[in-house]
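The values are calculated or read from the model by the stated rules, or taken from the named source; none is laboratory data. From a predicted model like this one, the values you see are computed outputs, not experimental measurements. Backbone-built Cβ (ideal geometry, glycine too); neighbour counts: all protein chains shown. Just the protein is used for accessible areas: all its heavy atoms, side chains included, with ligands, DNA and RNA removed. Shrake-Rupley method; radii C 1.70, N 1.55, O 1.52, S 1.80 Å.
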Amino acid sequence: IHSFLEEFDELGKRLPAKLSPSIEKWSPPTDPYVKVNFGAAFKEHRRQSRSGFVIRDMDGQIVGSGMVINPHIPDAFLAEALACV
């Protein structure tokens, strides 16, 4: 946790002093496409991540979803990379 907080503080120093607030809102894809959202969680002490995804159609209806546990993951960067594959 300490190394994460140190990294977070370092990144904060590199960002511009003022960030304009932005509101992100999910927008549906156009027919015949679908939209895939994904994410990951990482547990350093277990060296394990979980990746999940949701697939939605143009009406916002869920047409698929899933989750997988990834063993032997060394860091959060790899956890995120695996989530998008």
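Within segment 1-16, restricting attention to residues that are open to solvent by 100 Å² or more (accessible area, probe 1.4 Å) and not aliphatic (A, V, I, L, M), the residue that is modelled with the lowest pLDDT is PHE4. In segment 34-52, the residue that is most open to solvent (accessible area, probe 1.4 Å) out of those that are aliphatic (A, V, I, L, M) and within 11 Å of the chain's Cα centre (by Cα) is ALA41. Among the residues of segment 53-85, what is the count of those that are open to solvent by less than 40 Å² (accessible area, probe 1.4 Å) and of a type in the set (S, T, N, Q)? Qualifying residue count, segment 53-85: 1. Those strands (runs of 3 or more DSSP E) of segment 28-85 in which at least 3 residues are in contact with a helix residue (DSSP H, G or I) (Cβ under 7 Å, 6 or more places away or on another chain), considering only elements entirely within it, cover 35-43.
Restricting to segment 17-33, and then to whatever is hydrophobic (A, V, I, L, M, F, W, C) and at pLDDT 70 or above, can you tell me which residue is most open to solvent (accessible area, probe 1.4 Å)?
First pass over segment 17-33, keeping only residues hydrophobic (A, V, I, L, M, F, W, C): 17, 19, 23, 26.
Next, from what is left, pick out any that are at pLDDT 70 or above: 23, 26.
Values: ILE23: 164, TRP26: 96 Å².
For segment 17-33, the residue satisfying everything is ILE23.
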